[in-house]
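Asks: This is the structure I have questions about; it appears just below.
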Amino acid sequence: TEQPIPLARRVAEADETMIRTMYDLAEQQSGDLVRLEIGEPDFDTPAHVIDAAARAARAGATHYTPNAGVPQLREAIAEKMERDHGLVTDPSEVVAAAGATEALFLTLLTTADVGDEVVIPTPAWPQYRLQVQLVGATPVEVPLSAAEGFDLDADRVIDAIGDETACVVLNSPSNPTSRVSDPEVVDGIVDAAAEHDAVVVLDEVYASLDYAGDGRSLAADRAADNVVVINACSKQYAMTGWRLGWLVAPVHLAAAAIKLHPGTSSCPSSLSQHGAVAALTGPQDDAEAMARAFRERRDYVLQRVEEIPALSCPTPEGGFYAFLDVRALDGTSFEVASRLLKSHGVVTVPGEGFGAGGEGFVRVSFASGMDELEAGFDRIARMVRDEL
Ligand code: PLP
């Protein structure tokens, strides 16, 4: 038999994401499933955004754009960052990209050399680790303490920062813990990073879903030249498929990202850029209604978790995940999630998929609608009752 063509080592070295594994397991299963693994809003993109993109397409906006995005989008992003997140910035510091994902990747490409270290407090979104591996740098995971509700621990993170550190990636509100970081803790990390010429990347894609605060950026009150803020239309405007995000960085760093952008995608889709201008500058009613719905779901999920004494979760302060402590049940988080899927038809994501410190937990998304959540928690409650 013919050998398949050999692939680059990074393919074998990359971890399969747990979200993918659970998705594949769910696909093999018949019967009615309650899908609580997916981190995307079940709402439709607001109609005026779709209209704007369609109009732009008919008007000929179907060509390459500047690498940083069209000027009206960079302006709209700068205005939005100040209006919604208190971050005063200039369009020259804004680079539009294909989702927060590409904005993050560009940031890493711009700041981390092969062999450098990138510090990631965990549990965290698994793509950070994958992206760090793809740029040839080394992920350094700093497990946060479950006993402390996965509070961002400045001492632990600062201990991990050294001369090899190129970046520290912080995510608030967090996926998967839904915790919001304390601005003073972040400030301490930014200062420590600066001492080692390292950049702090603040992923704030869930900033608009901030139940404890007002969505203020953790970078809002300080002008640091080693901070990059990442955000996107994806979660706030139910635009995950449009692939439209951005980075806000000191101008020399933004210019560097623009220089490398032709090597990844050149620019985000021109149509998505025009849709994003409408999303950011147009009526905000739809986005506000969605944020209210997420808050109601959050309250509902918390109530359901409280009704199951064997389970608990850190109170979700932002975003749309509940990180359930399932240590009262038998087995690893993967085994718990597998039983939940095979015997009860509920799809979740095992905590071990989010890096060090996530074992013992299972992530449930409340981006899904109320009916799904009700059915999901009925089944979770049944499983816990059966097993204990
Ligand atoms: N950052 C975090 C923490 C996320 O959870 C996600 C999506 O789940 C992203 C970034 C990706 O955002 P985008 O779809 O804009 O690339």
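Asks: Give me the extension gain from Asp386 to Asp15: residue separation times 0.36 nm, minus the current Cα-Cα distance, reported in nm with one decimal.
Replies: Taking Asp386 through Asp15 to full extension adds about 130.2 nm, to one decimal.
Asks: Moving to a separate point now. Place +1 on the Cβ of every Lys and Arg and -1 on the Cβ of every Asp and Glu in the chain, take the dipole about the Cα centre, and give the residue among Ala53, Gly282, Met239 whose Cα lies farthest towards its positive end.
Replies: Ala53
Asks: While we're on this one: Sorted by average packing, counted as other Cβ atoms within 10 angstrom per residue and highest first, what order do 117-129, 194-206 take? Walk me through the numbers before you get to the answer.
Replies: Working: 117-129: 24.7, 194-206: 22.3.
Going by the mean number of other Cβ atoms within 10 Å, highest first, we get 117-129, 194-206.
Asks: Could you give each residue of the range 234-251 its phi-based ³J(HN,Hα) in whole Hz, using Karplus coefficients 6.51, -1.76, 1.60 with θ = phi - 60°, and x for Gly or Pro?
Replies: For the range 234-251, the Karplus curve yields 3, 7, 5, 10, 6, 10, 4, x, 6, 6, 9, x, 7, 10, 10, 9, x, 4 Hz.
Asks: I've got another one for you. Can you tell me the 0 to 90 degree angle between the C-alpha axis of helix 270-281 and the longest principal axis of the chain, rounded to 10?
Replies: 80
Asks: Further question: Using the basic label-point model (7 angstrom from Cα toward the beta carbon), what is the Glu296 to Val251 distance in nanometres?
Replies: With each label point 7 Å from Cα toward Cβ, the separation is 4.7 nm.
Asks: Let's see if you can work this out: charge +1 on each Lys and Arg Cβ, -1 on each Asp and Glu Cβ, no other charges. What is the dipole magnitude of the range 1-139 about its Cα centre, in debye to the nearest 20? Show your work: numbers first, answer last.
Replies: Working: 10 positive and 22 negative charges, 70 e Å.
Dipole magnitude for the range 1-139 comes out near 340 debye.
Asks: By the scheme Lys and Arg +1, Asp and Glu -1, what is the net charge of all other residues having a beta-carbon under 13 Å from that of Phe105?
Replies: Numbers: positive: Arg129, Arg243; negative: Glu102, Asp203.
Neighbour charge sum, excluding Phe105 itself: 0.
Asks: Any chance you could list the semi-axes, whole Å, largest first, of the equivalent ellipsoid that the Cα gyration tensor gives for the chain, using √(5λ)? Intermediate results must be reported in sequence, preceding the final value.
Replies: Numbers: eigenvalues 208, 126, 96 Å².
Working from the Cα gyration tensor, I get semi-axes of 32, 25, 22 Å.
Asks: Counting pairs of alpha carbon atoms under 8 Å apart in space and at least six apart in sequence, what relative contact order in percent does the range 48-281 give? Please report the intermediate quantities before stating the final value.
Replies: Numbers: 468 pairs, mean separation 72.9, N = 234.
Taking the mean separation of contacting Cα pairs over the length of the range 48-281, I get 31 percent.
Asks: Can you work out the FRET efficiency for the pair Asp221 and Gln3, with r the C-beta to C-beta distance and R0 = 51 Å, to the nearest 0.05? Before the final figure, lay out the partial values.
Replies: On the way: r = 58 Å, r/R0 = 1.13.
That pair, Asp221 with Gln3, gives E of 0.30.
Asks: How about Lys235: which lysines have a C-alpha closer than 22 Å to its C-alpha, ignoring those fewer than 8 places off in the same chain?
Replies: Reachable lysines: Lys80.
Asks: Continuing with this model, one more query. Mind checking the dipole of the chain: about its Cα centre, +1 per Lys or Arg Cβ, -1 per Asp or Glu Cβ, Debye to the nearest 20? It would help to have the intermediate numbers written out before the result.
Replies: Details: 29 positive and 61 negative charges, 253 e Å.
That gives a dipole near 1220 debye.
Asks: 222 nm [θ] for the chain, helices only, -39500 (n - 2.57) per DSSP H run of 4+, per residue, to 500? Could the numbers behind the result be given before it?
Replies: Working: 13 runs with 157 residues, N = 388.
Calculated from helices alone, the mean residue ellipticity at 222 nm is -12500 deg cm²/dmol.
Asks: Roughly what angle does helix 333-344 make with the longest principal axis of the chain, taking Cα atoms, 0 to 90 degrees, to the nearest 10?
Replies: 70
Asks: Restricting to the range 48-281, what percent of DSSP beta bridges are antiparallel, rounded to 5? Please report the intermediate quantities before stating the final value.
Replies: Details: 8 of 26 bridges.
Looking only at bridges with both residues in the range 48-281, the antiparallel portion is about 30 percent.
Asks: Within a Cβ distance under 13 Å of Met81, other residues only, what is the Lys/Arg minus Asp/Glu net charge? Working shown, then result.
Replies: Values: positive: Arg74, Lys80, Arg83, Arg216; negative: Glu75, Glu79, Glu82, Asp84, Asp90, Glu93, Glu204.
That works out to -3.
Asks: Report the full-extension gain for the segment Ser265 to Glu307: residue separation times 0.36 nm, less the Cα-Cα distance, to one decimal in nm.
Replies: Numbers: separation 42, 0.36 × 42 = 15.12 nm, distance 4.77 nm.
So the chain would gain 10.3 nm between Ser265 and Glu307.
Every number here is computed from the coordinates shown, using simple stated rules; none is lab data. Remember, predicted model here, so these are calculated numbers, not experimental data. Heads up, the Cβs are rebuilt from the backbone with ideal geometry, glycines too, and the neighbour counts pull from every protein chain shown.
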